[in-house]
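Please read the structure below before turning to the comments.
The values are calculated or read from the model by the stated rules, or taken from the named source; none is laboratory data. What you see is a predicted model; the values in this text were computed from it and never measured. Because the Cβ atoms are built from the backbone with ideal geometry, glycine has one as well, and the counts that use them run over all protein chains shown.
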Amino acid sequence: MDSATDPYAAIFPVDGTPFYGSLLAHGDNSEILRSLTSRMGVGDRPRLVYLDPPFNTGEQWIHYEDSAATEEWEAQLRLRLELVRELLAPDGSVWLHLDDRQQHRGRALMDEVFGVKAFVATVIWQKRTSRENRKAFSSAHDYLHVYAPIGPKRWKLLRNGLPDTGTYANPDGDPRGPWRSIPICVQAGHATASQFYEIVGPAGTAHWPPRGRCWAYSESRLKELDDDGRIYWPKNGAGKPRLKRFEYESQGLTPSTLWLAAEVGDNASAKKSLMANHLAGDVFDTPKPEQLLERVVSIATNPGDVVLDPYLGSGTTAVAAERLGRRWVGIERSIQTINQFVLPRLAEIAPKSWTATGTVAGSRSAALVYSDGHAARSA
Ligand SMILES: C[S@@+](CC[C@H](N)C(=O)[O-])C[C@H]1O[C@@H](n2cnc3c(N)ncnc32)[C@H](O)[C@@H]1O
């Protein structure tokens, strides 16, 4: 796209120049994604794209309409996913949030655009804890389809674990610091013969793995670990051996695919917190909880990385990214939503940094601001 045909040419940096800070963009996301793709430097490509599109519920929400023919809805989403694929950092991930009405179509589109090998997981988020009695079934959860073009194995090495809140202690004064013990028997599904053997502990007690399980280590490896003081023998040496996992080694907990409202909030708590912040007018119908987005952002990115949300809505992703020290790009086509929700929320978390005058939004350091297609640069 050249600058003659690109309405956003004036506001995005030219190719190769660094994209600094964060950007709130008002307009249709397909146009803005296209413009970003030709302009964002390689090092500034988003490492996380979170998409929370209209779910095609057939409802007219207060702030946006959510009904389209299925084919039209699919075509629109396919186009956005294709644009996201062009823009995404090579080691990035894409998270598509949908409910049970369209999640199967969304997943098929993700397969089509990113390839089946890019599939990482589908997270179930408990969006509701009360019962909805007007429907045949009370829909209590949404789906987040997670894809990483580098594939799940390589992406696992780059993603962050969840905070490990387990307690560590150092009862034996190990110079390596505090530790806790974890079992050394694992499911025997992929075991080799070398993982089934008798272990005799320091107190002379013999141990075998329980039925259906095996030792995590071969006999020789277990001996090495024991010689290195990494095996804990409970009950004064008579208990089953356990591995000492040191605090310094902890890389966080592997996220599970089930995210409960008690951990990351639900729709009701997200709405309540928007209302509690005295935002003017009606509340946004479909905000996601900040804790949910904080978890997504912290798994998929590191401080300084860019997070992109092409369906920004009330701005939850921007708030989460800002709070966690990530740069972000948020795109929202409703100026009413930007003015009523996004700007006040941003002003609240970074009060001195945001210019929220009229319909123009600016970021802390980016100073790229615009609305209604009229470009402006500010300090
Ligand atoms: C489900 S809401 C997103 C909610 C958001 N995650 C939050 O926590 O508030 C979808 C949003 O996408 C916006 N939207 C829909 N189509 C769009 C498009 N083509 N370009 C930009 N924004 C769009 C709607 O105006 C709406 O605010």
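Is it fair to say VAL116 is away from the ligand (no atom under 15 Å from the Cβ) and hydrophobic (A, V, I, L, M, F, W, C)?
yes
From the list ALA270, ALA188, exactly one residue is more than 30 Å from PRO303 (Cα to Cα) and among the small types (Gly, Ala, Ser). Which is it?
ALA188
Those residues that are touching a residue at least 60 places away in the same chain (Cβ under 8 Å) and in a helix (DSSP H, G or I), I need them from the stretch 25-37; list them, please.
Residues satisfying the conditions are ASN29, ILE32, LEU33, LEU36.
Just to be sure I understand, how many residues within the stretch 293-313 are within 9 Å of the ligand (Cβ to nearest atom) and under 8 Å from the mean Cα position of the chain (by Cα)?
Selection size over the stretch 293-313: 1.
If TYR168 satisfies all but one of (1) surrounded by 14 or more Cβ atoms within 10 Å (Cβ to Cβ); (2) of a type in the set (Ser, Thr, Tyr); (3) more than 15 Å from ARG242 (Cα to Cα); (4) outside the structural domain of ASP226 (by TED's automatic domain parsing), what's the number of the condition it fails?
The single condition TYR168 does not satisfy is (3).
Does TRP208 count as among the aromatic types (Phe, Trp, Tyr), surrounded by 14 or more Cβ atoms within 10 Å (Cβ to Cβ) and under 30 Å from PRO90 (Cα atoms)?
So TRP208 fails the test.
Do we have any residue at all in the stretch 266-288 that's of a type in the set (Phe, Trp, Tyr) and out of contact with any helix residue (DSSP H, G or I) (no Cβ under 7 Å at 6 or more places or on another chain)?
No, every residue in the stretch 266-288 fails to be of a type in the set (Phe, Trp, Tyr) and out of contact with any helix residue (DSSP H, G or I) (no Cβ under 7 Å at 6 or more places or on another chain).
Under 7 Å between Cβ atoms, at least 6 apart or on separate chains: pull out the pairs that start in the stretch 42-58 with a residue that is on the phi > 0 side of the Ramachandran plot and assigned by TED's automatic domain parsing to the domain that holds VAL306 and end on any residue that is at pLDDT below 75 and assigned to a loop (DSSP other than H, G, I, E, B).
Listed pairs, sorted by first residue: ASN56/SER67; ASN56/ALA68; GLY58/SER67.
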